[in-house]
Each structure stands twice: as C-alpha cells, then as structure tokens.
Amino acid sequence: TQLLEQSPQFLSIQEGENLTVYCNSSSVFSSLQWYRQEPGEGPVLLVTVVTGGEVKKLKRLTFQFGDARKDSSLHITAAQPGDTGLYLCAGADTGRRALTFGSGTRLQVQP
Amino acid sequence: DTGVSQDPRHKITKRGQNVTFRCDPISEHNRLYWYRQTLGQGPEFLTYFQNEAQLEKSRLLSDRFSAERPKGSFSTLEIQRTEQGDSAMYLCASSFLGQANTEAFFGQGTRLTVV
C-alpha cells in the first residue's frame, strides 16, 4: 500500500512569512500533484510534477519533486490570508490510474 | 466547459435509508473517479471508471456501495442502508485518457450526513 505523509499537519503563520510543506513516501511515483482545498469545496489542482528534481513556480508558490520521485515540497513566499486552506499532495504510479492522497496540511495565514 | 458537477451538494438522511449521488465529468474526460473524504483527512479512493467500465474498486467500497457509469458520461454512486459511519464528503473527479500524468479535476463534492 502506498502512503503519503504530509508535514506539518497544521501551520498558523502571520501574513508575510515564508513556509514549506513536505510530502514524503517510501514509494516511487510517476507524477505528483498538489491541490488546495477550501472548507466545503473540492480540491483544486495547483501543479503536477513529473521529473525527478523538477522545480515549478506558480507566482509565490514553488513546488519541487525529489530526485528519487518519492517526496515533494511546497514553499510559499510572503504568505497572504488568501493562501489559507488545506494543501494536499497526491501521487500516481504507472500501475494505477487513481491518485493516492496525503492527509493534508492545514494552513492558516493571519492578517 | 463547466468543470465537474456533483449533485446534490448536501444530503441529510436517516440511518437505513438509501441515497444516490450524481457526477457529471468534464465532457471530453473518459476517466471518472469517486473518492470519500472525512474530516481532517485527505480523499480516499473508492472506485474508478474508464468510459463505462469500472476498472478498480477499493476495499472501502462495501457491498452496500454501488457505482455505475452506464453510457460512459455521468456516473452515480448509491449507498444502501446508510450507516452513521458513511457520513463524509463524497468527491468525484475526472481526467483524460492519454494524459500521462493522471491529472484529476474534482467537483465540489456531496456532503452526506447520516442521522
């Protein structure tokens, strides 16, 4: 069974601070997605990383896929209250079409 | 393109009743997934269709659960004899065959409360 562990589980920071969220597994994934979810809504896809060592930037968000394709990180620069939400990583392997999700990191950015 | 649509958004039912949820995927997507999400957890995979064929089912999908996608377009998820433990957000997602990265796009979910 593939498992994805996210850390930290909860994070409360002040507006303007930087933060990093981690997603780790003992399994290799062919791709990894990051989603953001607000209360009562479905997850919204932020980015997909495919190549080991890949770095993608989305405005103030930087996503990295580990060289061995077992882990990933999300770094947010100068966090804003609008970044508040549940951040989920999800991995796919070549044998299955369904994604395996981590338990999420709940981020609260205080104004 | 209106995205993935789920109906209803909320459902409150009494224990023992049957409920049915509907999902309309993005029109050109031929893969459709059902997930369940409980409070404080990430989504857990339930089942997956490619066109009308149900290709994978999770152990979470007990015999009280059944999903269909009769024409390869919309899908329904039925729960029979609901139990309080079935209370959760039921999420539907779709993706496109031929897309190697399995990017899935989610609907807004159906929140089920069993009382």
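To make sure I understand the rule: partners must be lysines, Cα under 28 Å from the Cα of A:K57, and not fewer than 8 residues away in the same chain. Which ones qualify?
A:K70
Quick one: putting +1 on the C-beta of Lys and Arg, -1 on the C-beta of Asp and Glu, what dipole do you get for the stretch A:25-103 around its Cα centre, in Debye to the nearest 20?
Charge dipole, the stretch A:25-103, about its Cα centre: 160 debye, nearest 20.
Select from B:V4, B:S27, B:S58 the residue farthest towards the positive end of the dipole of the stretch B:1-74; place +1 on Cβ of Lys and Arg, -1 on Cβ of Asp and Glu, and compute about the Cα centre.
So the residue furthest toward the plus end is B:S58.
Just grab the label-to-label distance for A:E38 and A:H75, each label 7 Å out from Cα along the Cβ direction, in nm (one decimal).
Result: 2.8 nm between the two label points.
With point charges of +1 on the Cβ of Lys and Arg and -1 on the Cβ of Asp and Glu, referenced to the Cα centre of the stretch A:39-96, which listed residue (A:S72, A:G85, A:L58) lies farthest in the positive direction of the dipole?
With unit charges placed on the Cβ atoms, the residue in question is A:L58.
With an 8 Å cut-off on Cα pairs and a minimum separation of 6 or more residues, tell me the relative contact order of chain B in percent.
Values: 288 pairs, mean separation 42.2, N = 115.
Relative CO of chain B lands at 37 percent.
Just flag the GluC sites (Glu not before Pro) in the stretch B:1-100 sitting in loop per DSSP whose Cβ has no more than 11 other Cβ atoms within 10 Å.
B:E28
What size of dipole, in debye to the nearest 20, comes out for the stretch B:1-90 about its Cα centre when the only charges are +1 on Lys and Arg C-beta atoms and -1 on Asp and Glu C-beta atoms?
The calculation lands at about 340 debye.
Which of the lysines could be linked to B:K14 by a straight reach, that is with a Cα gap under 29 Å, when you skip same-chain ones fewer than 8 residues away?
Reachable lysines: B:K57.
So for the pair B:Q54, A:E5, with labels modelled 7 Å out along Cα→Cβ, what separation do we get in nm?
Inter-label distance under the simple model: 3.5 nm.
Between B:F74 and B:R22, what is the label-point separation in nm under the 7 Å Cα-to-beta-carbon projection?
0.3 nm
Starting from the alpha-carbon convex hull of the stretch B:7-112, give the projected area averaged over all orientations, in nm².
6.5 nm²
Tell me which chymotrypsin sites (Phe, Trp or Tyr not before Pro) from the stretch B:68-99 have a DSSP coil assignment and no more than 16 other beta carbons within 10 Å of their own.
Answer in residue order: B:F74, B:F96.
Hey, fewest Cβ within 10 Å first, where do A:L58, A:L4, A:L19, B:L32 land in order?
Fewest to most other Cβ atoms nearby, the residues stand as A:L58, A:L19, A:L4, B:L32.
Rounding to the nearest 20 debye, state how big the charge dipole of the protein assembly as shown is about its Cα centre with +1 on each Lys and Arg Cβ and -1 on each Asp and Glu Cβ.
380 debye
Over chain A, calculate the relative contact order: mean separation of alpha carbon pairs under 8 Å at least 6 apart, over the residue count, as a percent. Walk me through the numbers before you get to the answer.
Working: 290 pairs, mean separation 40.7, N = 111.
In percent, rounded to a whole number, it is 37.
In nm, what is the difference between 0.36 nm times the number of residues separating B:R81 and B:T2 and their Cα-Cα distance?
Full extension from B:R81 to B:T2 adds 25.2 nm.
When chain B is modelled as a GNM with alpha-carbon springs shorter than 10 Å, which of B:S27, B:S73, B:S62 fluctuates the most?
Greatest mean-square fluctuation among the candidates belongs to B:S62.
Considering every residue in B:104-110, what mean count of other chain Cβ atoms within 10 Å of its Cβ is obtained?
5
Which ³J(HN,Hα) values, rounded to whole Hz and listed in residue order, are derived for the stretch A:45-61 from phi using the Karplus coefficients 6.51, -1.76 and 1.60 in 6.51 cos²θ - 1.76 cosθ + 1.60 with θ = phi - 60°, glycine and proline given as x?
5, 9, 7, 10, 10, 10, 9, x, x, 5, 10, 10, 10, 10, 6, 8, 9
FYI, it's all coordinate maths here, none of it is from the lab. All values reported here derive from a predicted model rather than from experimental measurement. We place every Cβ from the backbone using ideal geometry, glycine too, and count neighbours over all the protein chains shown.
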